[in-house]
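First up is the structure itself, then whatever we jot down about it.
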Amino acid sequence: MARSGSLSDFERRLVTQRREDDRLDREQRKQDKEREKARQQEQLESRQREADEKNTAVQEQVRILEEILTGILPRPALTFERLLAAPKLPPFDPGELGQVPAAPGWSELAPIPPQGLNRFLRARYKRQLAQARGRFQAAEAEHQQRESQRRQALAVAKASYDQKLTQERARAARRNAYVAGRQSAFAAGEAGAVEWFAGCLLKASRYPDGFPCEYQVGYQAEHRNVTVEAELPPVSVVPSVRAYRYVQARDVIEPVPRQDSEIRQRYDRLVSCVALRTLHEIFTATPAEVVVAVTFRGRVTTVDVATGKPSRAHLVSVSARRPVFDDLVLAAVDPEACVARLNALAPAG
């Protein structure tokens, strides 16, 4: 009977154990599911953030292109004064050479005088004092040597700096004399000086990446007319992707293409903005006595699909006289309509 009772107890413990194991197993599966769900949610959020970042980058590209004209309107015009050079050299910095090392102190080496009249202690003190004086003299000599070397090195460094400063000042003086000469010739309406200054204007005009910086400038003194022939960016400067979306079912980020019609529309607007921007920058930086009219011609280099050779396609040509252009509110115009109006108002020939 005892064995039967013991077996029954064992069976009950076994059932209890199995129930506990089942409970722990259910809890483990529940935790695994929750962790997997959290992992999937984290993956979803991570991929969505990645898509959002791509969308933000595309939107920023589009914003920059849209502000090619309006973004530069508040900027001050380039002047001859801003073309002057100043010596580009920081103040002299001696660094560690400018730090004077502390001289040795006698109090750090001097032995402690003995108390009382003990002859043995006083004799030992005299020996220690003589030794300390020897060490102090050696430390002083070493300090003086180091200080002499430091001053020599400092003098060499300062002389080198002064030489560089003299050279930099001479370079700036040559540059400023050249600019002053160009300014005088510009005021007199000399073609070379006007073309040079207009080139400085175009060089100082910062465009986004992907925009070429190739141009030729001409000046007709008798008509006070500046002509700019410039290379335009290719149509690929307009993002071909309108947006990005995350497709959870396939765990991919897909680009949403921009329609060809929208790309062409944005590109045509961009070309007109570049033309108006160039006219604005030249008119605002030059006086009416020197420049009364500006012409901009823009071309883009492509590949002729029939020949495979480079081809320069003419995309825009616009001319404006100063009184007409000064009357425009560039921040509010439709660029393409504005270019068409200016061409309609331009005198024939």
Subset of the stretch 147-188 (residues that are among the β-branched types (Val, Ile, Thr) and farther than 18 Å from GLY95 by Cβ): THR166, VAL179
Tell me, please, whether a residue that is free of Cβ contacts under 8 Å to residues at least 60 places away in the same chain, more than 30 Å from PRO255 (Cα to Cα) and outside any helix (DSSP H, G or I) can be found in the stretch 15-37. no
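Conditions tested, residue by residue: (1) at pLDDT 90 or above; (2) of a type outside the set (Gly, Ala, Ser); (3) assigned to a helix (DSSP H, G or I); (4) closer than 30 Å to ARG82 by Cα.
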site	(1), (2), (3), (4)
GLY134	no, no, yes, no
GLU140	no, yes, yes, no
SER148	no, no, yes, no
VAL156	yes, yes, yes, no
ASP162	yes, yes, yes, yes
LEU165	yes, yes, yes, yes
ASN176	yes, yes, yes, yes
GLY181	yes, no, yes, yes
ALA185	yes, no, yes, yes
How many residues does the stretch 303-349 hold that are of a type outside the set (Asp, Glu), in a helix (DSSP H, G or I) and more than 23 Å from PRO234 (Cα to Cα)? 9
Can you tell which of PRO87, PRO91 is touching a Leu at 6+ places or on another chain (Cβ under 7 Å), of a type outside the set (A, V, I, L, M, F, W, C) and either farther than 29 Å from TYR246 by Cβ or part of a helix (DSSP H, G or I) (or both)? PRO87
Just a yes or no: is a residue in the stretch 53-60 open to solvent by less than 70 Å² (accessible area, probe 1.4 Å) and touching a residue at least 12 places away in the same chain (Cβ under 8 Å)? yes
Report yes if some residue within the stretch 316-327 is open to solvent by 30 Å² or more (accessible area, probe 1.4 Å), hydroxyl-bearing (Ser, Thr, Tyr) and either more than 28 Å from the chain's Cα centre (by Cα) or at pLDDT 95 or above (or both); otherwise report no. yes
Search the stretch 179-190 for residues that are closer than 16 Å to LEU78 by Cβ and pair each with any residue that is in a loop (DSSP other than H, G, I, E, B) when their beta-carbon atoms are under 7 Å apart and the residues are at least 6 apart or on different chains. VAL179/PHE80; VAL179/LEU84; GLN183/PHE80; PHE186/VAL290
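Looking only at the stretch 197-234, count every residue that is open to solvent by 60 Å² or more (accessible area, probe 1.4 Å) and either closer than 20 Å to ARG269 by Cβ or free of Cβ contacts under 8 Å to residues at least 40 places away in the same chain (or both) and tell me the total.
Our first condition is that a residue be open to solvent by 60 Å² or more (accessible area, probe 1.4 Å); within the stretch 197-234, this holds for 203, 206-207, 209, 213-216, 220, 222-224.
Right, trim to either closer than 20 Å to ARG269 by Cβ or free of Cβ contacts under 8 Å to residues at least 40 places away in the same chain (or both) and you get 203, 206-207, 209, 213-216, 220, 222.
Of the residues in the stretch 197-234, 10 are open to solvent by 60 Å² or more (accessible area, probe 1.4 Å) and either closer than 20 Å to ARG269 by Cβ or free of Cβ contacts under 8 Å to residues at least 40 places away in the same chain (or both).
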Hey, can you tell me all the residues within the stretch 237-256 that are among the small types (Gly, Ala, Ser) and open to solvent by 30 Å² or more (accessible area, probe 1.4 Å)? SER240, ALA249
Out of the residues in the stretch 257-280 that are more than 30 Å from GLU50 (Cα to Cα) and open to solvent by 50 Å² or more (accessible area, probe 1.4 Å), which is nearest to the chain's Cα centre (by Cα)? ARG269
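The values are calculated or read from the model by the stated rules, or taken from the named source; none is laboratory data. This structure is a prediction, so every number in the text was calculated from the model and none was measured. Virtual Cβ from ideal backbone geometry, glycine too; neighbours counted across all protein chains shown. Side chains are part of the model used for accessible areas, which takes the heavy atoms of the whole protein and leaves out ligands, DNA and RNA. Shrake-Rupley method; radii C 1.70, N 1.55, O 1.52, S 1.80 Å.
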